[in-house]
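Chemist: Supplied in structure tokens, the structure appears directly below.
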Amino acid sequence: MKIHNFNAGPSVLPKEVVKKSAQSIINFNGSGLSLLEISHRSIDFLEIIEKATFLIKRIMNLNDDYAILFLQGGATLQFSMVPYNLMNQEASYLDTGFWAHNAIKEAKKFGKVKVLFSGKNKNYTYISTNYHIPCDMDYFHCTSNNTIVGTQMKIFPRTSIPIVCDMSSDIFSRKLDFCQFGLIYASAQKNVSSAGMTIVIVKKNILGTIRKNIPSYMDYKIHIQNNSILNTPNVFSIYTSMLTLKWIENQGGLSFLEKNNQKKAKLLYDEIDQNNLFENKIHQENRSNMNVTFFLKEKNLEKEFNKMWKKENIVGLDGHRYLGGYRASIYNALPLESVQFLIEIMKEFERKFS
Ligand SMILES: *Cc1c(COP(=O)(O)O)cnc(C)c1O
């Protein structure tokens, strides 16, 4: 049975990745052991970490100024780990959505936070580019893709201070100059792997300026020294991410994925715009290519629409519980056919009800 998985996270992964990672749980690399049974300090696992690190650097075109870490605690832990390691006094943040808002809340526990732009009073439907980053801040924090409301930063500001970016929901989805960032973090369960692992990419020379003691697990430098195995890491999620990274390269890397993601997003936004029954509330230039949100113009049709898509094996289309409406998450691994299928359903719904 074909299921069209529009879940926001955990979410769709490449079929072949899921298959291979399932096999590894039964018999890892023909060893007779399960991936879940091997030591995280075994040669086999060290090779996996090494391979995943190598692939991330090659895919993102990063040199050895950057360290790659595979940590636990989700992107949520990064909300406090970032200020723990980088904030002496004051940092600047963009308030572009629910997750950005949470990041700000945590940072305020460590020092002063200057919010350079907040989209809150416009329900986060757009992201300004009209703000100034003071250069005496410890760092600048932004969220590249706002998973819940469905906005995406298309351009990043230039500044001499480190740019820290939460890329949880659009990492590996497009080409960017990744060297412009001081630190990138992304929880794995949106576009890469299973939950319980967070990729952190950090430019080593921005670390070590902090004047306070950092608990070991919260200290990026200690994780770098220990090659992500300070303690027992999420072996399964790291292995699965390595498989996804290979898949990304086999697909043609970020330039292919970017084109494909743009194509999927354009098809869907075009349908929402021309369909009489639906609307998207995001400013054109900030529409996300990963999370497409839309609403029924007439709420009383909700029951009928829900009945229709649920019957067709579409899952995960409900909007976030804070927002309502609908959200189609169309990450890297979501096939074009699933987008086309959803569009057919929307067209049929329009024919029947408008
Ligand atoms: C999902 C998400 C998070 C939270 O990730 P957890 O792994 O659940 O902590 C943070 N930021 C963004 C942009 C997200 O999409």
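Chemist: Restricting to helices (runs of 4 or more DSSP H) lying wholly in segment 29-127: which have 2 or more residues that are β-branched (Val, Ile, Thr), under 24 Å from Leu254 (Cα atoms) and more than 17 Å from the chain's Cα centre (by Cα)?
Modeler: Fully inside segment 29-127 and qualifying: 43-60.
Chemist: Now, a different point. Answer yes or no: is there a residue in segment 205-218 that is in contact (Cβ under 8 Å) with a residue 24 or more places away in the chain, of a type in the set (A, V, I, L, M), under 23 Å from Trp99 (Cβ atoms) and not in a loop (DSSP other than H, G, I, E, B).
Modeler: Within segment 205-218, one or more residues are in contact (Cβ under 8 Å) with a residue 24 or more places away in the chain, of a type in the set (A, V, I, L, M), under 23 Å from Trp99 (Cβ atoms) and not in a loop (DSSP other than H, G, I, E, B).
Chemist: Taking the residues in segment 1-17 that are among the aliphatic types (A, V, I, L, M) and open to solvent by less than 70 Å² (accessible area, probe 1.4 Å) as candidates, determine which candidate is farthest from the ligand (Cβ to nearest atom).
Modeler: Val17
Chemist: For segment 222-262, enumerate the residues that are small (Gly, Ala, Ser) and assigned to a helix (DSSP H, G or I).
Modeler: Ser237, Ser241, Gly253, Ser255
Chemist: Follow-up question, since we're still on this one. List the number of the failed condition for Leu323; all other conditions in (1) open to solvent by 20 Å² or more (accessible area, probe 1.4 Å); (2) farther than 26 Å from Trp99 by Cβ hold.
Modeler: If we test Leu323 against (1) open to solvent by 20 Å² or more (accessible area, probe 1.4 Å); (2) farther than 26 Å from Trp99 by Cβ, just (2) comes out false.
Chemist: Still on this structure: Please go through (1) over 25 Å from Met167 (Cβ atoms); (2) surrounded by fewer than 20 Cβ atoms within 10 Å (Cβ to Cβ); (3) free of Cβ contacts under 8 Å to residues at least 60 places away in the same chain for Trp309 and return the number of the only condition it doesn't satisfy.
Modeler: (2)
Chemist: Of all residues in segment 128-149, how many are under 23 Å from the mean Cα position of the chain (by Cα) and open to solvent by 30 Å² or more (accessible area, probe 1.4 Å)?
Modeler: Number of matching residues: 1.
The values are calculated or read from the model by the stated rules, or taken from the named source; none is laboratory data. Being a predicted model, the structure only gives us computed values, none of them experimental. Glycine gets a Cβ as well: all are built from the backbone with ideal geometry, and neighbour counts include every protein chain shown. Quick note on the areas: whole protein, heavy atoms, side chains included, nothing else; ligands and nucleic acids left out. Shrake-Rupley method; radii C 1.70, N 1.55, O 1.52, S 1.80 Å.
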